[in-house]
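Okay, structure first, notes after.
The values are calculated or read from the model by the stated rules, or taken from the named source; none is laboratory data. Keep in mind that this is a model prediction, so the values were computed, not measured. As a convention, Cβ positions derive from the backbone with ideal geometry for all residues, glycine included, and neighbour counts pool all protein chains shown. Surface accessibility is based on the protein's heavy atoms, side chains included, excluding ligands, DNA and RNA. Shrake-Rupley method; radii C 1.70, N 1.55, O 1.52, S 1.80 Å.
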Amino acid sequence: MKAFKFLLVGLLAQFLVVSGVDAAAGFNSISFKPSTSQGPYFSVEGSQTLGQWGHAAGLWAEFSNDSVVAFTASGVRIRDVINEQFVINAGGSLGLFNWLDFGASVAFVPYHDFDHPVTGVSDNGAQMGDIRLNFKARLLNNKKYPIGIAFVPFVAIPTGDESHFVGDGKVTGGGMLVFETKKLWDRFQMAVNVGGEVRSGA
């Protein structure tokens, strides 16, 4: 295996205000989207690809507290909808050509302390998140030039349960442009991802 990485990321907290009965339908509380390819970053894509038949695999963990909280329209707190949540992201990438990678990742939620936002009924069963697929096409090589550029289109398949806020409930997709500097002084480099995701309204 050309590259294997195991990364553990803990205590990534997020907070959502849910107002009204049907608000936040289709909201995905799993906000951490780790990179599927080899590189020096957690959730930011670099511009380099793996090379033909190069491969990388990763396993990441995320714990969040009060991920989703329900309020009335007047701002009165009703209840914590997701009190605590532990998420495991598994993913990897394969180099199809020297300049093109294919990547995939999936989220699993083995621990999900959930109370229904309207009824308050508890349901703490394990859940599955959405499957995310992407390509990475390197447009400019930062090993040859001062900056590297890549394009990363992606799509998410709605395998997660939107009623438990662990999936979008619909197919979503988008793309990113990746800009990455050369390694400076053999120690430091920086990458910036610019893009967006398209999804239909709730």
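Details
- Filter pass, Asn124 being closer than 20 Å to Ala107 by Cα, loosely packed, with under 14 Cβ neighbours inside 10 Å and of a type outside the set (A, V, I, L, M): yes
- Residue that is nearest to Pro153 (Cα to Cα), among those in segment 127-141 that are open to solvent by 30 Å² or more (accessible area, probe 1.4 Å) and of a type outside the set (D, E, K, R): Phe135
- Residue pairs whose Cβ atoms lie under 7 Å apart, sitting 6 or more positions apart in sequence or on different chains, and linking a residue in segment 134-146 that is within 17 Å of Ala56 (Cβ to Cβ) to a partner that is of a type in the set (Asp, Glu), are Phe135/Asp101; Lys136/Glu45; Lys136/Asp101.
- Arg138 being among the basic types (Lys, Arg) and touching a Leu at 6+ places or on another chain (Cβ under 8 Å): yes
- Residue check for Asp101: within 21 Å of the chain's Cα centre (by Cα), of a type outside the set (Phe, Trp, Tyr), within 25 Å of Ser67 (Cβ to Cβ) and open to solvent by less than 40 Å² (accessible area, probe 1.4 Å): no
- Segment 166-202, subset more than 17 Å from Phe154 (Cβ to Cβ), among the charged types (D, E, K, R) and open to solvent by 100 Å² or more (accessible area, probe 1.4 Å), residue modelled with the lowest pLDDT: Asp186
- Residues (open to solvent by 30 Å² or more (accessible area, probe 1.4 Å) and farther than 14 Å from Gly120 by Cα) located in segment 61-71: Phe63, Asn65, Asp66
- Only listed residue being surrounded by 19 or more Cβ atoms within 10 Å (Cβ to Cβ) and either under 30 Å from Ile147 (Cβ atoms) or among the small types (Gly, Ala, Ser) (or both), chosen from Ser47, Ser74: Ser47
- In segment 146-202, residue nearest to Gly125 (Cα to Cα) [restricted to those that are hydroxyl-bearing (Ser, Thr, Tyr) and part of a strand (DSSP E or B)]: Thr172
- Take the conditions (1) under 13 Å from the mean Cα position of the chain (by Cα); (2) assigned to a loop (DSSP other than H, G, I, E, B); Trp60 misses just one of them, which is (2).
- Test: residue in segment 82-96 that is buried (at least 21 other Cβ atoms within 10 Å of the Cβ), of a type in the set (Ser, Thr, Tyr) and either in contact with a Phe, Trp or Tyr (Cβ under 7 Å, 6 or more places away or on another chain) or touching a residue at least 12 places away in the same chain (Cβ under 8 Å) (or both): yes
- Residue in segment 141-164 that is more than 17 Å from the chain's Cα centre (by Cα), over 30 Å from Ala73 (Cβ atoms) and among the basic types (Lys, Arg) present: yes
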